[in-house]
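We did not get these values from a lab; they are worked out from the coordinates using the rules stated. No experiment lies behind these values; they were computed from the predicted model shown. Reconstructed Cβ throughout: ideal geometry from the backbone, glycine too, with neighbour counts over all protein chains shown.
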Amino acid sequence: MRTANRLVAIFLLFACCGSAGERKAKNVILFLGDAAGTSTLHAASVQEYGDSNRLFLYRMPNIALSDTSSASDWVTDSAAGMTAIVTGEKTNNGVVSQSDSAVRGKKDGEPLKTLLEYAEERALSTGVVSNSPITDATPAACYAHVNDRKMTGEIFRQALNPRFGDGVDVMIGPGRQAILTATRALGMNLETEIPAKGFYFGETLDQVPADARRAIVLLGPGEVDLGAATELAIRILAKNPKGFFLMVESDLHTDNLSRGLSRTVAFDRIIESTAATASKDTLILFTADHSFDIRVGGSTRKGLPLVTQDANGKPVPAKSVMINGHHSAEQVLVAAQGPGASRVRGVIANTDIFHIILSAYRWKPEPAHTPPQITSGN
Ligand SMILES: [Zn+2]
């Protein structure tokens with residue numbers, strides 16, 4: 001009895017007081033800067049604006065720092081990093097939304113229920129948008145459960161064969177040829193299977209019909225217009241009066257410094273314009289799955305830019321920028337506005353982001369997965 005009362009009290013605390021006076025979120029847009037650690041954000045701000053604190057992200061009303069470790073390592077990859085954010089459970093590197101009993105490439109773990117699946121179960125509309133292939137680890141962790149992020153065909157197969165609702169409604173991102181090839185190897189024909197599930201299926205953003213409610217756009221090579229893709233996804237998903245969940249990823253690895261920094265600035269502007277135009281009942285949250293080892297050292301404020309040019313006019317890092325080329329372990333920024341954003345504060349775990357989003361919707365967390373059966377005589 002005492003335990004039950006205590007549980008009720010804890011639940012009430014969780015449900016009400018953490019976001020006192022805040023309305024319920026109808027929609028959530030999760031902006032995921034892949035590898036966008038604080039050093040990357042700083043460098044992007046300096047490169048673009050000549051000042052360290054100019055990004056829109058820094059002006060969002062709620063800010064926190066999040067740990068990024070996985071179950072197996074201090075330094076996570078995108079698969080385990082995104083699994084933590086969208087399922088509330090840490091798993092092993094390389095594993096996509098399965099429990100940490102999974103062994104990468106060898107053994108399945110239990111499927112972990114994702115934020116996108118919670119939304120599908122409640123008949124909201126859902127989407128994933130990325131400038132990385134739409135079967136890459138970050139978007140995949142929203143809708144698929146596999147023991148190895150490299151299982152492109154199986155990841156896409158699961159998007160069309162969902163565990164909850166009618167599955168992800170909008171997918172926009174590159175990887176068209178690789179996905180067609182990988183799914184063909186599984187005996188699938190996307191040209192017939194995708195339209196049969198009620199999707200518009202295309203390869204450019206501008207051909208999606210205005211009345212589409214479900215769309216899969218598999219883009220070819222070339223830089224993705226992530227701003228246009230985000231606007232298109234929101235336009236489709238917002239037709240659902242019950243609300244939506246959308247994840248937008250930008251690959252912000254700075255091993256290509258010039259591209260990484262310009263994409264970071266562009267992503268910040270997309271978040272700013274989305275925040276300016278989104279309905280008041282939309283939670284907008286930015287975070288990174290992990291940091292990246294880029295350091296600015298030794299340059300004066302009025303010195304060289306961070307990106308300069310070699311003799312052939314090719315952009316190269318200035319001498320003052322050290323790029324180690326690896327993911328790194330330190331905490332990353334979380335920034336948010338809208339209903340539920342007040343819980344974004346302090347130093348949190350990556351798994352807390354799942355609970356922050358779930359409670360913004362006012363949904364209760366379920367046990368992440370069924371524990372393995374204990375057999376007799378153990
Ligand atoms: Zn990543």
- Before rounding to the nearest 500, sum -39500 (n - 2.57) across all DSSP H runs of length at least 4 in the chain and divide by the residue total; then give [θ] at 222 nm in deg cm²/dmol. -9500 deg cm²/dmol
- Task: Pull up all non-local amide H partners of D289: gap of 5 or more, or a different chain, and H-to-H distance under 5 Å with H placed in the peptide plane.
- Result: G33, A35, A36
- Between K319 and S52, what is the spin-label point distance in nm, taking each point 7 Å from the Cα along the Cα→C-beta axis? 2.2
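Calculate, for A311 and D73, the FRET efficiency according to 1/(1 + (r/R0)^6) with r their C-beta to C-beta distance and R0 45 Å; round to the nearest 0.05.
Taking R0 as 45 Å, the efficiency between A311 and D73 is 0.65.
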- Item | Segment T181-D206, extension gain: residue separation times 0.36 nm, minus the distance between their alpha carbons | 6.6 nm
- Task: Note the full-extension length gain between K107 and R59 as 0.36 nm times their separation in residues minus their Cα-Cα distance, in nm to one decimal.
- Result: 12.9 nm
- Message: For a quick check: with amide H placed at 1.01 Å from N, whose amide H comes under 5 Å from R362's, ignoring anything fewer than 5 positions away on the same chain?
- Response: A25
- Dimensionless Rg ratio for the chain, taking C-alpha atoms and the 2.2 N^0.38 Å reference: 0.99
